[in-house]
Amino acid sequence: MKNIIILLILLPLLSMASNNNQASKVVVGDYVPDVPLTKIVSYDGNTRSAKLSDYKNDLLILDFMNTSCSSCIEGLIKKDHLQKEFGDRIHILAVVGGEGYLKGTLQRENETFIRKYLTNKKGYLSKHNVQIPWVVENSLLNQYFPHKVVSHLVWIYKGKLVAITEQDYVSRENIQYILDGNKNDWPLKDDFLPAMDLTVPMVYQDRSKFQSRLKRYSVVSGLFQDGVFVKSGVVRDSINDFRRDYIINLPIINAYLSKYLIVNENSNLVEPSHIILEVNDPSKYLRKENAADYNYEYRKRTYICYEGLTPDTLQTEKQAAERVINDLDNLLGLHGRFEKRKMKCLALYRIDNLKNITSKNNNHENLSEMDTPEIHIKNDELSSLVWKMNQFYGNPPVFDETGFTGKVNMSFSLKSWKDISALQEILKGYGLNLKQVDREVEVFVLTENTFNNRDR
């Protein structure tokens, strides 16, 4: 009898111990548990320990990432500048080892790995003097702040979770906004929204309401499906002989281009300089250079979902893609197509032999920074300069006519990649001529049905 009593007492204790092994998710508005940070690796390779409560009077930003995420690593340069600007008022920590999104990283990106990574003098972060500390081998943080997609930013101010965002929300203005004690209304980054079942139509049709068999429908939703990855594909219903094409979370232009790649049997991507928008508001279709809006807002404004159901007549993929393009035209009030047009372009020529800018570095590594206002092209090809100019809608198409195949080093200041006249003057100093030429170019044209012909 005594043994039974002891067992009954132990069972609740065992249950409590089991529950304590799994930390509960922290939500915005909660005070954050005092998690021990037993291993914080500094840029110089030294390791120290701390607790979350050590930052309770300040703003703490945890940047969950992994070393294979290039955009995460690049983003640390901006965060390091902000850390140095605000000093002890904020603390930014990179956190690696997220078992929730990449199995095995907790073991692979351990203290030894990160120490070597940070102290590599030839590494990207070392060359940019990034001094952000890294939290390693901490599974508890990933349990409190689960995620699937990096970079995943957790904002903790005075011990309370105040935001979970994407990377581009880390800015001087937003940091100051939180430090001033303001309550934000930023969208919550949530990687665990209900999954979309792509085997089930987005539009449910009760076919009993129809006197005859439903033969076809197509629909476009202008609502960005947050938490759902970009998807495009086909589902076939062999029983009812239906084919369902779908596009989930693509910008309108990308939706067209994804189908034209099939129609034209062309794998080349269309650069923004080769896109012509005959529309009333270009911001509905493309993001402007140095746009102040966040990626989340851009996605909500420009992304669509499409679904088309049609009898499966064993049509070719090209025929099916043409039907989707026709649906997009009709449903969106647009006309998207490829045309060859004679237009003003730019061609890059050599004025001299370029010895003054030719790189002496024989390895393949480049450290080019192409974002304005400070441009640094290091051990890179001139084609990278031409590629960058082509990435901005409104720029004329640019072609590399230099015939130069070596690597170059160039550094200059430029307010905007769309300031062609300023760029022309800069390039002259490097022995290059950016000359206006007339060319016939294949471009993608998107026209709104309501667009005034006189404005074209």
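Number of residues in the stretch 317-354 that are among the aliphatic types (A, V, I, L, M) and either part of a helix (DSSP H, G or I) or closer than 30 Å to Tyr306 by Cα (or both): the value is 8.
With the requirement that a residue be of a type outside the set (Ser, Thr, Tyr) and in a loop (DSSP other than H, G, I, E, B), what does the stretch 373-403 give you?
Matches in the stretch 373-403: Pro373, Asn390, Gln391, Phe392, Gly394, Asn395, Pro396, Pro397, Glu401, Gly403.
Looking at Ala292, Ala255, which is the one that is outside the structural domain of Lys418 (by TED's automatic domain parsing) and buried (at least 19 other Cβ atoms within 10 Å of the Cβ)? None of the other options fit; the residue is Ala255. Which one is nearest to Tyr43 (Cα to Cα) among residues in the stretch 130-170 that are without any contact (Cβ under 8 Å) to a residue 60 or more places away in the chain and surrounded by fewer than 21 Cβ atoms within 10 Å (Cβ to Cβ)? Looking at residues that are without any contact (Cβ under 8 Å) to a residue 60 or more places away in the chain and surrounded by fewer than 21 Cβ atoms within 10 Å (Cβ to Cβ), I get Ser139.
Every residue, every condition in (1) modelled with pLDDT of 90 or more; (2) in a strand (DSSP E or B), yes or no:
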position	(1), (2)
Lys189	yes, no
Met196	no, no
Leu223	no, no
Val228	no, no
Val234	yes, yes
Ile253	yes, no
Ile276	yes, yes
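Restricting to the stretch 416-448, name every residue that is within 31 Å of the chain's Cα centre (by Cα) and exposed (fewer than 11 other Cβ atoms within 10 Å of the Cβ). Within the stretch 416-448, Ser421 is the sole residue that qualifies.
So in the stretch 293-316, with the set limited to residues that are over 20 Å from Leu446 (Cα atoms) and in a helix (DSSP H, G or I), which one is farthest from the chain's Cα centre (by Cα)? By that ranking, first place goes to Glu297. Flag not set for Leu354, criterion: closer than 19 Å to Val437 by Cα, out of contact with any Cys (no Cβ under 6 Å at 6 or more places or on another chain) and modelled with pLDDT of 90 or more.
How many residues are in a strand (DSSP E or B) and either outside the structural domain of Ser171 (by TED's automatic domain parsing) or over 28 Å from Val149 (Cβ atoms) (or both) when one looks only at the stretch 48-65? Number satisfying all stated conditions: 2.
The values are calculated or read from the model by the stated rules, or taken from the named source; none is laboratory data. Every value quoted in this text rests on a predicted model; they were computed, and no experiment measured them. Cβ coordinates were reconstructed from backbone atoms using ideal geometry, including for glycine residues, and neighbour counts include every protein chain displayed.
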